[in-house]
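Note sheet for the following structure.
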Amino acid sequence: MTQPHATEGAPGADAGAGETWELCLYVTGRSPKCLRATENLRRVCEEHLAGRYRIEVVDLLENPRLAADDQILAVPTVIRKLPQPIRTIVGDLSDTDRVLVGLQLRPRRSAAK
Amino acid sequence: MGNTDLTGLVGAAIGPGLDRAPTGISGLDQITGGGLPRGRLTLIAGSAGAGKTLLGLEFLVAGARDYGEPGVLLTFEESAAKVADNVRSLGFDLDGLQRDGLLAVLSFRVEPTEIVAAGEFDLEPLFLTLDDAIKRTGAKRVVLDTIEVLFGAFGADSIVRAELSRLARWLEDRGVTAIVTGERGDHSITRHGFEEYVSDCVIVLDHRVREEISTRRLRVVKYRGSAHGTNEYPFFISARGFVLLPITSLTLSYGASEERASTGIARLDHMLGGGIFRGSTVLVSGTAGTGKTSLGAHLADAACGRGERVLWVLFVESAAQVLRNMRSIGLDLRQWVDAGLLRIWPARPSSFGLETHLAMLVQLLDEVTPTVTVLDGIANFAHEASVAEVTSMVARQMDLLKVRGITTLATAHSHGDETSTLSISSMADTWLLLRNVESNGERNRLLFVLKSRGTAHSNQVREFVLTDHGAELVDVYAGAAGMLAGSARQAQQAAEREAQLRQADDLEHRRQELRRSISEHEAHFAAVQDQIAAERTELDRIGVRERHQAADTEADEVAMGKRRWADAIPSDGANR
């Protein structure tokens, strides 16, 4: 009780240290936003998770019903399926700091701003 | 639906420009001139629990079931299964409609705390989902409930705003008639100002709860291109869904029956020109114990006697009490209950809100299908809510009955000032006032006909007498001493008879006296005449005697002189 819980301890990074990350990127066709998001996601993963990540790209134009099934309202959306817990990041991922916070790849304090 | 029979009554307020998609909620279709603007977007704003979702669902179900227009529901509030559960009790079979391909229910859960925003995005999946569902069902109607939850969900409201604006245009481009619901805002119609994107129709629902009694109201804030009722319309959610009663528009379109029905009291019928018009509303007001219920009982008894069905709504007493009390004045209402003609519904208004009460009345009317309804003790609502709400409530009840052509007698307890009865008197066609008059240590009942529309009615007051063989009307005594009723009337009548007798006596006495006096005077007169005659005779006799004496005296003197030898007759003085 007396010791504050170390939320800055990068639990995401630690938790995912040994396993393969499973990420799912929802897009609608090849819109500029979606292309940017794909590019940005790959870059972040290469930097922080080189060799231990997998990105599945789901194009909702091809299967619109997946939107309701997977509860996707906005695109681009990244879902971190593994490691648990599931995390959701919305946007073209141009704000790298926010991406790292969203994926819990860096201590939260850097994103305080 | 049972309440669609109201729809045909009003054809007013339809602007020629816009086509309408009926909501199936008859009252709403009336005030909007036929429904929501077809192919356009309608915003329904209201606080939580105001009935937004239900309104949207009824619109969809009516479209799919009754108007051949399939629909799509996109909900951000609850799961699809939960939505179906919620409306199953109202008879809406969402699962069945979905199986038949007439309806698609999709739900999205939005949890802003779980989402991290990192850059630009759009809501294209929402469009894709809608597009897919519309194509799949051939939807003509779409409901989005409550789309404003998207604000704040992705950390960039400017994007959400732009996307919802795009959605509004997109829906209109698709030609679907759409409803979006929004939470009521403090300073704007919706919390996030969604009304900016809706140019055609905005409806606001309001739900007020005071002292545990709920009152719901609906207002059409905007309806482009057409006239619409701008009033607030009370509505309630019945077992069959939304019921909206637009009082003002309905009032204009009642059928007016020429047929009269007996009140069960012959003299009252006579006072009203032959009974009350069928389908009209009679208000009976008066203070406690003036016999209001008895009037209702007579009307009910007469109707049942003709083989008609009657619904008796009791707000004060129990059914047993009323049956017993009415038996004491010689009305056997139990026989009608047993015969299935009379249905007594003891409805204490305190046990549920005004709105629920109205809903239950609707159901009972459907069940009993009466020709006559007695609303016994309507003013007792006044304890439960504000006078304005009660008035509105009673007005709705009367409207409902009037629309169905049911002859209604409503009794209202008034506290002293009988003319202020809830100001509903203006809604009644006939207004009877019962008043207690206290005099000589007893109370008596008087009945006044204050008004009776379309009828030459008596403006006289009658005494209302409750006997062991029913109520009767008796003429009251109206004379110099004011109006009298009861034993005072009887006493006065006796006194009057006596006075008349006494007067007759007096006259006879006077006549005799005069006769006597005349005969006395006549006798007197005769006596006087006799006297006069006698005195005249006497007078004559005196004159005669005088002349005789004078002659005698002269003769005597001559004789005497002769005897004394007088040479000349001397004078008396010369001789001395």
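Residue check: is B:Ala139 more than 10 Å from chain A (Cβ to nearest Cβ) and in contact (Cβ under 8 Å) with a residue 40 or more places away in the chain? Working first, answer last.
Values: more than 10 Å from chain A (Cβ to nearest Cβ): yes; in contact (Cβ under 8 Å) with a residue 40 or more places away in the chain: yes.
Considered against the rule, which asks whether it is more than 10 Å from chain A (Cβ to nearest Cβ) and in contact (Cβ under 8 Å) with a residue 40 or more places away in the chain, B:Ala139 comes out as yes.
Would you pick out the residues in segment B:488-522 that are among the hydrophobic types (A, V, I, L, M, F, W, C) and either touching a Phe, Trp or Tyr at 6+ places or on another chain (Cβ under 7 Å) or open to solvent by 70 Å² or more (accessible area, probe 1.4 Å) (or both)?
Going residue by residue through segment B:488-522, those that are among the hydrophobic types (A, V, I, L, M, F, W, C) are B:488, B:491, B:494-495, B:499, B:501, B:504, B:507, B:514, B:518.
Within segment B:488-522, B:Leu501, B:Leu507, B:Leu514, B:Ile518 qualify.
B:Gln363 - would you say it is in a helix (DSSP H, G or I), at pLDDT below 90, under 23 Å from B:Phe235 (Cα atoms) and among the polar types (S, T, N, Q)?
Details: in a helix (DSSP H, G or I): yes; at pLDDT below 90: yes; under 23 Å from B:Phe235 (Cα atoms): yes; among the polar types (S, T, N, Q): yes.
When the stated conditions are applied, B:Gln363 passes them.
Testing A:Arg65 on (1) of a type in the set (D, E, K, R); (2) more than 8 Å from chain B (Cβ to nearest Cβ); (3) more than 12 Å from the chain's Cα centre (by Cα), one condition comes back false. Which one is that?
(2) is the only condition that A:Arg65 fails.
Hey, could you check segment B:117-134 for residues that are surrounded by fewer than 24 Cβ atoms within 10 Å (Cβ to Cβ) and closer than 16 Å to B:Leu60 by Cα and say which is farthest from the other protein chains (Cβ to nearest Cβ)?
If we take residues in segment B:117-134 being surrounded by fewer than 24 Cβ atoms within 10 Å (Cβ to Cβ) and closer than 16 Å to B:Leu60 by Cα, then B:Ile134 is farthest from the other protein chains (Cβ to nearest Cβ).
Looking at segment B:36-114, what strands (runs of 3 or more DSSP E) fall wholly within it and have at least 3 residues that are open to solvent by less than 20 Å² (accessible area, probe 1.4 Å) and in contact (Cβ under 8 Å) with a residue 60 or more places away in the chain? Talk me through it step by step, then tell me what you get.
On the way: elements: B:41-46, B:71-75, B:103-107.
Once the strands (runs of 3 or more DSSP E) in segment B:36-114 are filtered for at least 3 residues that are open to solvent by less than 20 Å² (accessible area, probe 1.4 Å) and in contact (Cβ under 8 Å) with a residue 60 or more places away in the chain, what remains is B:41-46, B:71-75.
Which numbered condition in (1) in contact with a strand residue (DSSP E or B) (Cβ under 7 Å, 6 or more places away or on another chain); (2) modelled with pLDDT under 95; (3) away from every other protein chain (no Cβ under 12 Å) is the only one that B:Glu114 fails?
For B:Glu114, the failing item is (3).
Is it true that some residue in segment B:150-162 is within 50 Å of the chain's Cα centre (by Cα) and at positive phi?
Initially, segment B:150-162 is screened for residues within 50 Å of the chain's Cα centre (by Cα), giving B:150-151.
Imposing the further condition that a residue be at positive phi reduces the set to none.
No; the residues of segment B:150-162 include none that is within 50 Å of the chain's Cα centre (by Cα) and at positive phi.
What tally of residues in segment A:36-46 results from selecting those that are farther than 9 Å from A:Pro76 by Cα and among the aliphatic types (A, V, I, L, M)?
Residues meeting the conditions: 2.
If you scan segment B:392-417, which residues turn out to be touching a helix residue (DSSP H, G or I) at 6+ places or on another chain (Cβ under 9 Å) and modelled with pLDDT of 85 or more? Steps first, please.
Here is the first cut: in segment B:392-417, the ones touching a helix residue (DSSP H, G or I) at 6+ places or on another chain (Cβ under 9 Å) are B:392-404, B:406-415.
Matches in segment B:392-417: B:Leu401, B:Ile406, B:Thr407, B:Thr408, B:Leu409, B:Ala410, B:Thr411.
Of all residues being part of a loop (DSSP other than H, G, I, E, B) and hydrophobic (A, V, I, L, M, F, W, C) in segment A:30-86, which is farthest from B:Ile115 (Cα to Cα)? Just the residue, please. Spell out how you get there, then give the answer.
To start, the set of residues in segment A:30-86 that are part of a loop (DSSP other than H, G, I, E, B) comprises A:30-31, A:50-52, A:60-64, A:71-74, A:76, A:83-86.
From what is left, the residues that are hydrophobic (A, V, I, L, M, F, W, C) are A:50, A:60-61, A:72-74, A:86.
Details: A:Ala50: 25, A:Leu60: 19, A:Leu61: 22, A:Ile72: 11, A:Leu73: 11, A:Ala74: 11, A:Ile86: 10 Å.
For segment A:30-86, the residue satisfying everything is A:Ala50.
For the subset of segment B:142-158 comprising residues that are open to solvent by 10 Å² or more (accessible area, probe 1.4 Å) and among the aliphatic types (A, V, I, L, M), which member is farthest from the other protein chains (Cβ to nearest Cβ)?
Among them, the one singled out is B:Val149.
Taking only pairs six or more apart or across chains, which ones have beta-carbon atoms under 8 Å, a first residue in segment A:78-97 that is of a type in the set (Ser, Thr, Tyr), and a second residue that is open to solvent by 10 Å² or more (accessible area, probe 1.4 Å) and outside any strand (DSSP E or B)?
Taking only residues 6 or more apart or on different chains, the pairs are A:Thr88/B:Glu114; A:Ser94/A:Arg36; A:Ser94/A:Asn40; A:Ser94/B:Gly119; A:Ser94/B:Glu120; A:Thr96/A:Asn40.
Could you go through segment A:9-16 and let me know if any residue there is loosely packed, with under 13 Cβ neighbours inside 10 Å, at pLDDT below 90 and touching a strand residue (DSSP E or B) at 6+ places or on another chain (Cβ under 7 Å).
Residues of segment A:9-16 loosely packed, with under 13 Cβ neighbours inside 10 Å: A:9, A:14.
Those still in the list that are at pLDDT below 90 too: A:9, A:14.
Subset that is touching a strand residue (DSSP E or B) at 6+ places or on another chain (Cβ under 7 Å): none.
No; the residues of segment A:9-16 include none that is loosely packed, with under 13 Cβ neighbours inside 10 Å, at pLDDT below 90 and touching a strand residue (DSSP E or B) at 6+ places or on another chain (Cβ under 7 Å).
Please enumerate the residues belonging to segment B:278-297 that are over 14 Å from the mean Cα position of the chain (by Cα) and either in a strand (DSSP E or B) or among the polar types (S, T, N, Q) (or both).
Going through segment B:278-297, the residues over 14 Å from the mean Cα position of the chain (by Cα) turn out to be B:278, B:287-291, B:293-295, B:297.
Those that are over 14 Å from the mean Cα position of the chain (by Cα) and either in a strand (DSSP E or B) or among the polar types (S, T, N, Q) (or both): B:Thr287, B:Thr290, B:Thr293, B:Ser294.
So which residues in segment B:159-206 are within 14 Å of another protein chain (Cβ to nearest Cβ), of a type in the set (A, V, I, L, M, F, W, C) and closer than 15 Å to B:Thr146 by Cα?
Selection gives B:Val160, B:Leu164, B:Leu167.
Of all residues in segment B:418-450, which are part of a strand (DSSP E or B) and at pLDDT below 80? If you could, list the steps in order and put the result at the bottom.
Taking segment B:418-450 and keeping what is part of a strand (DSSP E or B), we get B:430-439, B:442-450.
The answer is B:Val437, B:Glu438, B:Ser439, B:Glu442, B:Arg443.
Scan segment B:182-214 for residues that are assigned to a strand (DSSP E or B), modelled with pLDDT under 80 and either charged (D, E, K, R) or under 19 Å from B:Thr23 (Cβ atoms) (or both) and jot them down. I'd like the intermediate steps shown before the answer.
Quick first cut of segment B:182-214, residues assigned to a strand (DSSP E or B) only: B:182-184, B:190, B:201-210, B:213-214.
Retained after the next criterion (residues that are modelled with pLDDT under 80): B:208-210, B:213-214.
B:Arg208, B:Arg210, listed by residue number.
Considering A:Gln84, A:Gln71, which residue is at positive phi and either within 7 Å of chain B (Cβ to nearest Cβ) or at pLDDT below 95 (or both)?
A:Gln71
Being in contact with a Gly (Cβ under 6 Å, 6 or more places away or on another chain) and of a type outside the set (Gly, Ala, Ser) narrows it down to one residue among A:Pro64, A:Pro83, A:Pro32, A:Pro76; which is it?
A:Pro83
Of everything in segment A:87-107, what is assigned to a loop (DSSP other than H, G, I, E, B), facing chain B (nearest Cβ under 8 Å) and open to solvent by less than 60 Å² (accessible area, probe 1.4 Å)? Give them in sequence order.
Initially, segment A:87-107 is screened for residues assigned to a loop (DSSP other than H, G, I, E, B), giving A:91-95, A:104-107.
The next check asks that each one be facing chain B (nearest Cβ under 8 Å); those that pass are A:91-95.
Matches in segment A:87-107: A:Gly91, A:Asp92, A:Leu93.
Matching residues to (1) outside any helix (DSSP H, G or I); (2) over 14 Å from B:Thr42 (Cα atoms); (3) at pLDDT below 90; (4) not assigned by TED's automatic domain parsing to the domain that holds B:Glu196:
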position	(1), (2), (3), (4)
B:Asp132	no, yes, no, no
B:Lys135	no, yes, no, no
B:Val142	yes, no, no, no
B:Phe154	yes, yes, yes, no
B:Glu163	no, yes, no, no
B:Leu167	no, no, no, no
B:Leu171	no, no, no, no
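So that you can scan it fast, the table gives a plain yes or no per residue for (1) under 20 Å from B:Leu466 (Cβ atoms); (2) in contact with a Gly (Cβ under 9 Å, 6 or more places away or on another chain); (3) among the small types (Gly, Ala, Ser):
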{"residue": "B:Met271", "(1), (2), (3)": "yes, no, no"}
{"residue": "B:Lys292", "(1), (2), (3)": "yes, yes, no"}
{"residue": "B:Ala302", "(1), (2), (3)": "yes, yes, yes"}
{"residue": "B:Leu311", "(1), (2), (3)": "no, no, no"}
{"residue": "B:Ala320", "(1), (2), (3)": "yes, no, yes"}
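The values are calculated or read from the model by the stated rules, or taken from the named source; none is laboratory data. Just so it is clear, the structure is predicted and the values come from calculations on it, not from any experiment. Note: ideal-geometry Cβ built from the backbone for every residue, glycine included; neighbour counts use all protein chains shown. Areas reflect the complete protein model, heavy atoms only, side chains present, ligands, DNA and RNA absent. Shrake-Rupley method; radii C 1.70, N 1.55, O 1.52, S 1.80 Å.
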